[in-house]
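So the structure is just underneath, and the comments pick up after that.
The values are calculated or read from the model by the stated rules, or taken from the named source; none is laboratory data. None of the values given here were measured: they were computed from a predicted structure. Cβ placement follows ideal geometry from the backbone for every residue including glycine, while neighbour counts extend to all protein chains displayed.
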Amino acid sequence: MDENVFANDMAGEALAVIETRNLTYMYPGATKPAIEDVSITIERGEFAILTGPSGCGKTTLCRCFNGLIPHFYGGKLEGDVVVADLKVVEHSIYELARHVGLVFQNPENQLFALSVEKDVAFGLENLAVPRDEMRKRVDWALQMTGIEELSERSPHELSGGQQQRVAIACVLAMKPDVMILDEPTSFLDPAGAQKIFEVINELNKKLGVTIILVEHRLDLASKYANHVIVMDEGKVALDGEPRRVFNSERARLIGVGVPKATRLYQILRESGVRLGKVPVTSEETSLLLREVLKRD
Amino acid sequence: MIEVKDVYFTYLYGVEALKGVSLTIPDGEFIAIMGQNGAGKTTLVKHFNGLLKPTKGEVVVDEVNTREVSVAKLARKVGFVFQNPDHQLFCETVEDEVAFALRNFGFEEDAIKKRVTWALNLLDVEPYRQASPFMLSGGERKRVALASVLAWDPKVVILDEPTIGQDHQQKEKLRHFILQLNAQKKTVIIVTHDVEFVAECNPRVVLMTGGKIVADGGAEEILTNPKLVVQASIVPPQITQIFLGLSDLGLPTNVIDVHEARKILLSLMRG
């Protein structure tokens, strides 16, 4: 299939695909805001990681991106949130769903049909996509996620890793500009998780889909990201390039699980050893150490 | 002591999940059972408290064959925290949830109250005492499930994927807390994919693939063996990857700990 399926949609639009300004939100009946004064920009084509301690507001922020907040949850929203040039408060969840896809943390909560292809087609039926187009998109999404051979199987008899791919295919078939994935590999073994991250990375690099990955396990995912946002107690604590964010003192204080490759750089530095730059992957750390060890 | 003697297990729907597993876990041991999705890890540990009985072979817990004793009786000794807390929690409040098993075991109400408070504080969920477990986040529910088992003070604690959905700080707490249980001579058995967590804890590691045990040894020995690790669909810890990438310079390849890594590197650089 055409790999530039998203290219036409991209032409002539602003660089930012998600923008929030002083966004504050309080759930109905709550006494304090779940997120407070959040101003962030996510540019089209970025691979962003959203992380921070449990309960810091990550999920709430993601719900603002696809309109579940405020349309489904109600509550009190202040400030602005604009997604794909649409003001979220002025557009329905249905309209926003064409632009923002959400992959749930637990695929069992998302999959329900009797066959994989029916599950993948469901979102398209809701968008009233014509039958021919639907067939094409379902096949394409199954192919992109590497699960064509599972199309007739029941989602409930698949392994956790296969289910997670089906969940991604369901969202991908709707060709969203932005895909939000909430800990998409938490139930997988590391080899399975790595495969899922590679699928996500391919969608990002080849198709230009903007990725927002909510993740605690940064050792596996960090190498793909070019933007990291750390939240703490409802506020944005750190926002920037991965190396800078992981290496900041604040990240450590908040308790972000920085990759061990970065951590080794930090504790060597405390002992007076300086490596050329801040590494985020083990390959980078190996290379940097090699330079130092050879020099000595 | 838990003794697993050549155990085979076939589920009713026909899948043979264990294919001849033998394993001895002495009292007071800390052991991590690792391996790919579907390797039989959870099936194996469900034999330790009698939830599953072997199709062939036997499991003996403190000299009692699990076939000859009820799960209720075994549970007093062997506590099991499920992977998915939703498969375990069902009461209306967190407090009732944690008190439930204690009432079943016939503890006095005074003792129950004390133990519930102790367990809720230990797991950092005391503020949710009167809340419904289902109003909590995934990570919090997981801690309530753990509190409900620790409350009755079992001799053996089995934790199935305890780090899923936990942030870095909670994982650090969990690690201290497991080491503390272990220091109190409790047997701790974790089933996990979390390589970095295991590298930090450094327990005995049993590696499973396709219903069989393929390796059994110290974390430093198992997690740094690239062939074994690939076979079990896990990835070596980042520190190991870094050192494996430098093996041609004569660096050791069995390093899993970041502080150990610093020590070795500094001695080389200052050599």
For the range A:148-187, what are the residues that are surrounded by fewer than 24 Cβ atoms within 10 Å (Cβ to Cβ) and part of a loop (DSSP other than H, G, I, E, B)? A:SER151, A:GLU152, A:ARG153, A:SER154, A:LEU158, A:SER159, A:MET174, A:LYS175, A:PRO176, A:ASP177, A:GLU183, A:SER186
The listed residue being under 25 Å from B:THR43 (Cβ atoms), away from chain A (no Cβ under 13 Å) and not charged (D, E, K, R), out of B:LEU146, B:LEU120, B:LEU174: B:LEU146
Please go through the range B:26-61 and pick out each residue that is within 14 Å of B:PHE80 (Cβ to Cβ) and touching a Gly at 6+ places or on another chain (Cβ under 7 Å). B:LYS41
Tally of residues being assigned to a helix (DSSP H, G or I), over 13 Å from B:GLN238 (Cβ atoms) and within 7 Å of chain B (Cβ to nearest Cβ) across the range A:256-291: 3
Output yes when any residue across the range B:159-168 is of a type in the set (Asp, Glu) and free of Cβ contacts under 8 Å to residues at least 24 places away in the same chain, and no when none is. no
Among the residues in the range B:92-111, are any within 12 Å of chain A (Cβ to nearest Cβ) and more than 28 Å from A:LYS260 (Cα to Cα)? no
Enumeration of residues in the range A:85-114 that are over 16 Å from the mean Cα position of the chain (by Cα) and modelled with pLDDT of 90 or more: A:ASP85, A:LEU86, A:LYS87, A:VAL88, A:VAL89, A:GLU90, A:HIS91, A:SER92, A:ILE93, A:GLU95, A:LEU96
Can you tell me how many residues within the range B:91-106 are surrounded by fewer than 19 Cβ atoms within 10 Å (Cβ to Cβ) and in contact (Cβ under 8 Å) with a residue 40 or more places away in the chain? 5
Given the condition in contact (Cβ under 8 Å) with a residue 60 or more places away in the chain, over 27 Å from B:SER137 (Cβ atoms), surrounded by fewer than 21 Cβ atoms within 10 Å (Cβ to Cβ) and aliphatic (A, V, I, L, M), answer yes or no: does some residue in the range B:11-23 qualify? yes
The range B:149-171, residues that are aliphatic (A, V, I, L, M) and either away from chain A (no Cβ under 12 Å) or buried (at least 23 other Cβ atoms within 10 Å of the Cβ) (or both): B:VAL149, B:LEU150, B:ALA151, B:VAL156, B:VAL157, B:ILE158, B:LEU159
Across the range A:170-194, what is the number of residues that are in contact (Cβ under 8 Å) with a residue 40 or more places away in the chain and either touching an Asp or Glu at 6+ places or on another chain (Cβ under 7 Å) or of a type outside the set (Gly, Ala, Ser) (or both)? 15
Which of the helices (runs of 4 or more DSSP H) found entirely inside the range B:204-271 contain at least 2 residues meeting this: more than 13 Å from every other protein chain (Cβ to nearest Cβ) and surrounded by 16 or more Cβ atoms within 10 Å (Cβ to Cβ)? B:219-222
If I ask for residues that are of a type in the set (Asp, Glu), within 14 Å of the chain's Cα centre (by Cα) and within 13 Å of chain B (Cβ to nearest Cβ), which ones from the range A:165-197 would you list? A:ASP182, A:GLU183
